Amino acid sequence: MPEDRIKLEPSWKEKVGDYLQRDEMHALSGFLRARKAAGARIYPPGPQIFAAFDATPFDKVEVVILGQDPYHGPGQAHGLCFSVLPGVPVPPSLDNIFKEIQRDLGVPRPDHGYLMPWAQRGVLLLNAVLTVEDGRAGAHQGKGWEGFTDHVVDTLNREREGLVFMLWGSYAQAKGKVIDTRRHRVLKTTHPSPLSAHRGFLGSGHFSAANEYLSRRGAKPIDWSLPPRAELAVD
């Protein structure tokens, strides 16, 4: 995956671009080309694979939410974890996220699942694996993305201070083991999936806890509200 052939946001390219020259990333690039040549439908579309980095430059990150892999249904994934484009039905995990924000902060639930405004306010919505195939959850796990996103998390851990990491579920918590809790706030609970949300996520208070931590450090708290669908500008 040659660095000069992908459009990685400049601040991220400076921090993690070298990783893209590694053998495992070249192997990943070959795998993706081979799957596409074989007729696989890969999500999100190529220009949106690195959308999380485009939306939230390195020095603008305040909160990190770690997902696992993109949605694997047509038209859902667009490069931000948990997010879907306007007009796409809100997936169950995201609906539980909205329920908890409403319970925790009194923020009304939106009429869409497009989280780009959060990303533009400093919430890095990062999946561990950045691509998937139609109807095949986890199809690109173990192909190289995890090493790259581990490097992203580690770079944030080492080179930034005072971030909030929201680690929902065992997968995200394992990925976040490198985070120095003396330098950052780490919030852990169950995944917002309907299978586990009632075992900790709902009632966790993570969104108010994140804002309280940022405020104590003199940072601006995150506005977790979303504009109505009719007011959205979608690139």
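The values are calculated or read from the model by the stated rules, or taken from the named source; none is laboratory data. Here the structure is a predicted model, which means the values were calculated and not measured. Please note: Cβ atoms are built from the backbone with ideal geometry, for glycine as well, and neighbour counts cover all protein chains shown. Keep in mind that these areas ignore ligands, DNA and RNA; they rest on the heavy atoms of the full protein, side chains included. Shrake-Rupley method; radii C 1.70, N 1.55, O 1.52, S 1.80 Å.
Scanning segment 101-115 for residues that are open to solvent by 70 Å² or more (accessible area, probe 1.4 Å) and touching a Pro at 6+ places or on another chain (Cβ under 9 Å) turns up GLN102, ASP111.
Evaluating ASP69 against the criteria (1) modelled with pLDDT under 95; (2) open to solvent by less than 30 Å² (accessible area, probe 1.4 Å); (3) of a type outside the set (Ser, Thr, Tyr) leaves one unmet condition, (2). Of the residues contained in segment 46-55, one or more are found to be modelled with pLDDT of 95 or more and touching a helix residue (DSSP H, G or I) at 6+ places or on another chain (Cβ under 6 Å). Counting residues in segment 113-127 that are out of contact with any strand residue (DSSP E or B) (no Cβ under 7 Å at 6 or more places or on another chain), touching a residue at least 60 places away in the same chain (Cβ under 8 Å) and aliphatic (A, V, I, L, M) gives one or more.
Taking ARG183 as the residue in question, decide whether it is among the charged types (D, E, K, R) and crowded, with 17+ Cβ neighbours inside 10 Å. No: the conditions fail for ARG183.
Considering segment 155-175 alone, what residues qualify as being closer than 26 Å to PRO221 by Cα and under 15 Å from the mean Cα position of the chain (by Cα)? Across segment 155-175, the qualifying residues are LEU156, LEU163, VAL164, PHE165, MET166, LEU167, TRP168, GLY169, ALA172, GLN173, LYS175.
One line per residue, one yes/no per condition, for (1) of a type in the set (Lys, Arg); (2) touching an Asp or Glu at 6+ places or on another chain (Cβ under 9 Å); (3) farther than 19 Å from ALA137 by Cα:
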| site | (1), (2), (3) |
| --- | --- |
| LYS15 | yes, yes, yes |
| ASP54 | no, yes, yes |
| ASP69 | no, no, no |
| GLY75 | no, no, no |
| SER93 | no, no, no |
| GLU100 | no, no, yes |
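Name every residue in segment 25-54 that is open to solvent by less than 60 Å² (accessible area, probe 1.4 Å), assigned to a helix (DSSP H, G or I) and not aliphatic (A, V, I, L, M), in order of residue number. Selection gives SER29, GLY30, PHE31, GLY46, GLN48, PHE53. Scanning segment 95-114 for residues that are in a loop (DSSP other than H, G, I, E, B) and hydrophobic (A, V, I, L, M, F, W, C) turns up just one, VAL107. Look through segment 186-232, keep the residues that are more than 21 Å from CYS81 (Cβ to Cβ) and among the aliphatic types (A, V, I, L, M), and return whichever of them is least open to solvent (accessible area, probe 1.4 Å). Among them, the one singled out is ALA219.
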